[in-house]
Amino acid sequence: MKKETLAVHAGFEQDAATGAVMPPIYQVSTYAQSAPGEHLGYEYSRTDNPTRTPLQDAIAELESAKHGLVFSSGLAAIDAVLNLLKSGDHVVACDDLYGGTGRLFSQVATNRGLEFTFADLTSEESLRAAMQPNTKLVWLESPTNPMLRVVDIAKVAKIAKSVSGAGVLVAVDNTFMSPMLQQPLGLGADIVMHSVTKYINGHSDVVMGALAINDDALHERLKFLQNSIGGVPAPMDCFLVLRGIRTLALRMAQHDRNGSAVAAFLSSHPKVEAVVYPGLVSHPDHALALRQQSGFGGMVSFYVRGDLNAAKRFLSGLRIFKIAESLGGVESLIEHPAIMTHASVPPERRLQLGILDNLIRISCGIEHSDDLIADLERGLQLV
Ligand code: P1T
């Protein structure tokens, strides 16, 4: 099936009992057993729920994976992966990451004895330098949040496994691309993670995370952790995400068109210092993005010409773009990473990565690009 068809049908065809063409919301916590241990496959909704099952299957199908698992947030999904490790294990993580992921790594997981090295994974040299004999996991985003660097997933997987053996896990946070624009398992990753909150749900009304896996034993262990830790989403949220998935292909195509249009507009604007968008030929990873992705997506970062006050003046002039954290919804959002999503990144690392006071991050929604561009022009007139 082509991805447009898959998005419409993945995970669910019809309800076996009634023929309903949309999944019922099984708003239930437990299931009657005919005798102890004898049941129809469902015992308790932390373990499994019939509205969650089609969603997990849908996510697996979209990522061309054997297995899918969903969690109550993107960070809960990441934490399940961290729980595969034990005290003393080492993780190599990409240095440019969503601030909350970095905070979970450096302020929470370190308390459980995990060790982290943050490295620029766009450089083979720094990946090799970061690997240690006790490295058990390599974690990356591509494109990264918020600097939109593109990491060569196949190359990282190949190097990580050649240095540390086949047992080292490579996990890719595929949130910015969605399964429509990039499929990391086919490039050699072991685990794909999504903040479902973003493009997969697409309507800014659910917080959820997901993992997609091919390996049966790894899936069994992660499913055990999902049930044992208990960070699972509610049936209603699973229903909403399944509904969102049906338009994922259409939405991603429009996010992608708007991302390109907005990046082109900003690139030629005198009040803009620089634009970061993997679709621009000026982007350092443009060639890799062309090869690795089937689109560039709706995320655009740029530097306003001026200081923090110029950035604030720009934001104050916008009417369509809402100033808000998050991304990937049908509505366009805009934010100031240094003050908002990446405030938990230490100031010196922010400086090193380029998360400066005049950096703005845009999530292009699915509106008409003319209206988005007119709105940005309104803001830039105030810079
Ligand atoms: O918010 P949650 O569903 O827990 O997902 C965390 C997360 C993980 N990975 C990436 C790449 C993310 O962007 C996020 C959440 N990000 C934002 C809220 C944001 O505005 O960047």
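Values quoted throughout were computed directly from the atomic coordinates according to the rules given, and no laboratory measurement underlies them. Here the structure is a predicted model, which is why all the values come from computation and not from measurement. All Cβ positions, even for glycine, are placed from backbone atoms using ideal geometry, and neighbour counts span all protein chains on display.
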Practice task
Return the single residue from His368, His39, His194 with maximal mean-square fluctuation; model: Gaussian network over the chain, springs between Cα atoms under 10 Å.
Solution key: His39
Fill in the blank from the handout: Ranking Phe71, Leu380, Phe224 by how far each Cα lies towards the positive end of the charge dipole of the chain (+1 on Lys and Arg Cβ, -1 on Asp and Glu Cβ), the top one is Leu380
Handout entry: Inter-site label distance for Tyr44 and Ser268 at 7 Å from Cα along Cβ, in nm
Key = 6.2
Practice task
Could you give the size of the charge dipole of the range 160-232 about its Cα centre, using +1 on the Cβ of each K and R and -1 on the Cβ of each D and E, expressed in debye and rounded to the nearest 20?
Solution key: 80
Handout entry: Thr101, Thr53 arranged by Cβ crowding within 10 Å, fewest neighbours leading
Key = Thr53, Thr101
Problem - Simple label model, 7 Å out from Cα along Cβ direction - Ala17 to Ala32, nm - result: 1.1
Handout entry: Length gained when the stretch Ser126-His9 is fully extended (0.36 nm per residue, less Cα-Cα span)
Key = 37.9 nm
Exercise for the section: Using a 10 angstrom cutoff on alpha carbons, build the Gaussian network for the chain and name the most mobile of Gln226, Gln183, Gln33. Expected result: Gln33
Exercise for the section: Assuming a ≥ b ≥ c are the square roots of the Cα gyration tensor eigenvalues, decide whether the chain counts as rounded (a/c under 1.5), prolate (otherwise, with a/b larger than b/c) or oblate. Expected result: oblate
Handout entry: Net charge, Leu318 excluded, C-beta distance under 9 Å - Lys, Arg +1, Asp, Glu -1
Key = +2
Completion exercise
Ranking Val172, Ala189, Ile159 by how far each Cα lies towards the positive end of the charge dipole of the range 145-212 (+1 on Lys and Arg Cβ, -1 on Asp and Glu Cβ), the top one is Ile159
Handout entry: Alpha carbon convex hull of the range 247-383, volume per residue in cubic angstrom
Key = 105
Exercise for the section: Quote the charge dipole size of the range 3-245 about the Cα centre in Debye, to the nearest 20; the model charges only the Cβ of Lys and Arg (+1) and of Asp and Glu (-1). Expected result: 340
Fill in the blank from the handout: Classified through the alpha carbon gyration tensor (a ≥ b ≥ c as square roots of its eigenvalues; rounded if a/c is under 1.5, else prolate when a/b is larger than b/c, else oblate), the range 98-204 comes out oblate
Problem - Dipole magnitude of the range 58-182 about its Cα centre (Cβ charges: Lys, Arg +1; Asp, Glu -1), debye to nearest 20 - result: 320
Handout entry: Per residue, the convex hull volume that the Cα atoms of the range 128-260 enclose (Å³)
Key = 129
Practice task
Can you bin the range 310-383 into rounded, prolate or oblate? Criterion: square roots of the alpha carbon gyration tensor eigenvalues sorted a ≥ b ≥ c, rounded for a/c under 1.5, prolate for a/b above b/c, oblate for the rest.
Solution key: oblate
Problem - Pairs of Lys in the chain closer than 26 Å at Cα, counting only those 8 or more apart or on different chains - result: 27
Practice task
Enumerate the amide H contacts of Thr197 below 5 Å, restricted to partners 5 or more residues apart or on another chain; note that Pro and chain-start residues carry no placed amide H.
Solution key: Gly74, Met208
Completion exercise
Packing-ranked peptide list from 270-276, 153-159, highest mean Cβ count within 10 angstrom first, is 153-159, 270-276
Problem - Peptides ranked, highest mean first, by Cβ atoms within 10 Å: ranges 255-262, 372-379 - result: 255-262, 372-379
